[in-house]
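**Student:** Take this structure, written in structure tokens, and hold onto it; I'll ask about it next.
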């Protein structure tokens with residue numbers, strides 16, 4: 001069996017996502033053949049090397065997949081020093097080391113995929129793959145059409161503009177409304193922050209589906225195993241990179257210098273004016289005409305000789321009033 005990166009081995013063994021497994025290594029909690037690791041990269045072979053986390057041997061385990069309807073007040077983490085209820089605590093009887101795919105804040109509830117498949121979890125949560133997640137939000141106040149348009153086009157948050165969302169008004173009353181919102185990215189408390197930016201506090205937030213998977217007929221706090229067809233669907237969903245992911249999230253972040261213009265300039269005649277006098281290319285065949293244009297005296301600046309071409313304003317030797325003074329003193 002070929003040697004693999006240690007974080008990949010740990011993720012496949014159910015110790016969390018690859019990023020969290022990298023942190024285990026950096027924290028000095030992982031050893032290979034008795035040697036404690038403190039840095040990456042590191043390669044190992046689970047079949048021949050003795051890999052341990054916190055002194056316990058790592059063994060390959062069968063991948064498992066569960067669907068949980070998370071109640072409010074439950075944390076999406078496997079490590080909480082305060083001893084609060086975690087999502088993995090609700091799956092009683094599951095012996096594998098499982099962890100949640102993605103996150104729901106403690107106040108939110110709804111669909112949560114629980115697994116020990118680190119590779120699949122990595123793809124399902126990465127914004128590049130654009131896996132759709134649908135939420136139902138009960139908010140204070142009724143959003144206007146302009147508010148809905150802003151949600152659909154993207155809302156500016158502290159770290160940048162959100163990706164366009166699909167938004168549908170499900171129900172409205174005088175003082176509150178229910179929206180159905182589909183996102184393809186997973187920023188921290190994204191929906192709550194988006195709506196707060198528009199002046200609407202979220203009273204209740206439920207994730208109702210991830211792709212085609214839903215919490216239909218699954219009670220709050222209950223869980224079930226995914227069917228083979230559902231597992232196959234998730235793997236296909238994770239392996240597919242939709243076109244919108246490249247256009248909505250990657251393209252806007254590129255610098256203009258990285259995306260050179262491939263066609264002609266829209267206003268070709270105006271383009272030369274962008275260059276300054278000092279760095280603009282000169283045509284030797286038009287030197288006489290250029291010289292006459294460059295040496296034409298500006299108002300109040302006096303006559304500029306050819307030797308002064310290309311100098312900046314700060315290099316102008318005399319102030320505006322000086323030439324007038326000479327013309328007055330000269331005749332006397």
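**Student:** Taking the range 157-178 as the region of interest, how many residues are under 19 Å from residue 201 (Cβ atoms), touching a helix residue (DSSP H, G or I) at 6+ places or on another chain (Cβ under 8 Å) and not in a loop (DSSP other than H, G, I, E, B)?
**Tutor:** Number of matching residues: 3.
**Student:** Against the definition (farther than 23 Å from residue 216 by Cβ, surrounded by fewer than 23 Cβ atoms within 10 Å (Cβ to Cβ) and in contact with a strand residue (DSSP E or B) (Cβ under 9 Å, 6 or more places away or on another chain)), how does residue 119 come out, yes or no?
**Tutor:** Details: farther than 23 Å from residue 216 by Cβ: yes; surrounded by fewer than 23 Cβ atoms within 10 Å (Cβ to Cβ): yes; in contact with a strand residue (DSSP E or B) (Cβ under 9 Å, 6 or more places away or on another chain): no.
So residue 119 fails the test.
**Student:** For residue 66, all conditions in the list (1) buried (at least 16 other Cβ atoms within 10 Å of the Cβ); (2) touching a strand residue (DSSP E or B) at 6+ places or on another chain (Cβ under 6 Å); (3) in a loop (DSSP other than H, G, I, E, B) hold save one; what is the number of the exception?
**Tutor:** For residue 66, the exception is condition (3).
**Student:** Looking at residue 200, is it in contact (Cβ under 8 Å) with a residue 24 or more places away in the chain, over 25 Å from residue 126 (Cα atoms) and either touching a strand residue (DSSP E or B) at 6+ places or on another chain (Cβ under 8 Å) or surrounded by 16 or more Cβ atoms within 10 Å (Cβ to Cβ) (or both)?
**Tutor:** Yes; evaluated as a whole, the condition is true for this residue.
**Student:** Assigned by TED's automatic domain parsing to the domain that holds residue 101 and not in a loop (DSSP other than H, G, I, E, B): does that describe residue 79?
**Tutor:** Answer is no for this residue.
**Student:** Could you pull out the residue among 101, 53 that is touching a residue at least 24 places away in the same chain (Cβ under 8 Å) and in the same structural domain as residue 14 (by TED's automatic domain parsing)?
**Tutor:** Working: 101 fails: in the same structural domain as residue 14 (by TED's automatic domain parsing).
When all the criteria are applied, what remains is 53.
**Student:** Looking for something under 23 Å from residue 229 (Cβ atoms) and assigned by TED's automatic domain parsing to the domain that holds residue 214 - is there at least one such residue anywhere in the range 83-93?
**Tutor:** yes
**Student:** If you don't mind, another one. Suppose we keep only residues that are assigned to a loop (DSSP other than H, G, I, E, B), buried (at least 18 other Cβ atoms within 10 Å of the Cβ) and in contact with a strand residue (DSSP E or B) (Cβ under 7 Å, 6 or more places away or on another chain) within the range 129-154. Which one would you say is modelled with the lowest pLDDT?
**Tutor:** Residue satisfying both the conditions and the ranking: 131.
**Student:** Another question about this same structure. Select from the range 75-108 the residues that are over 23 Å from the mean Cα position of the chain (by Cα) and surrounded by 22 or more Cβ atoms within 10 Å (Cβ to Cβ) and write down the one among them that is farthest from residue 235 (Cα to Cα).
**Tutor:** 87
**Student:** Would a scan of the range 115-138 turn up a residue that is free of Cβ contacts under 8 Å to residues at least 40 places away in the same chain, touching a helix residue (DSSP H, G or I) at 6+ places or on another chain (Cβ under 6 Å) and closer than 27 Å to residue 71 by Cβ?
**Tutor:** No: the range 115-138 contains no residue that is free of Cβ contacts under 8 Å to residues at least 40 places away in the same chain, touching a helix residue (DSSP H, G or I) at 6+ places or on another chain (Cβ under 6 Å) and closer than 27 Å to residue 71 by Cβ.
**Student:** Can I ask one more? Identify all residues within the range 1-18 that are free of Cβ contacts under 8 Å to residues at least 60 places away in the same chain and in a helix (DSSP H, G or I); write none if there are none. Don't jump to the end; show me each part of the working.
**Tutor:** Filtering the range 1-18 down to residues free of Cβ contacts under 8 Å to residues at least 60 places away in the same chain leaves 1-7, 9.
Residues satisfying the conditions are 6, 7, 9.
**Student:** Ok, one more. Report every pair of residues separated by at least 6 positions or lying on different chains whose Cβ atoms are under 7 Å apart, first residue within the range 215-232 and at pLDDT below 95, second loosely packed, with under 13 Cβ neighbours inside 10 Å and assigned to a helix (DSSP H, G or I).
**Tutor:** Filtered contacts from the range 215-232: no entries.
**Student:** Tell me, please, whether a residue that is modelled with pLDDT under 95 and under 25 Å from the mean Cα position of the chain (by Cα) can be found in the range 30-40.
**Tutor:** Within the range 30-40, one or more residues are modelled with pLDDT under 95 and under 25 Å from the mean Cα position of the chain (by Cα).
The values are calculated or read from the model by the stated rules, or taken from the named source; none is laboratory data. Remember, predicted model here, so these are calculated numbers, not experimental data. Neighbour counts are summed over all protein chains in view; Cβ atoms, including those assigned to glycine, are modelled from backbone coordinates with ideal geometry.
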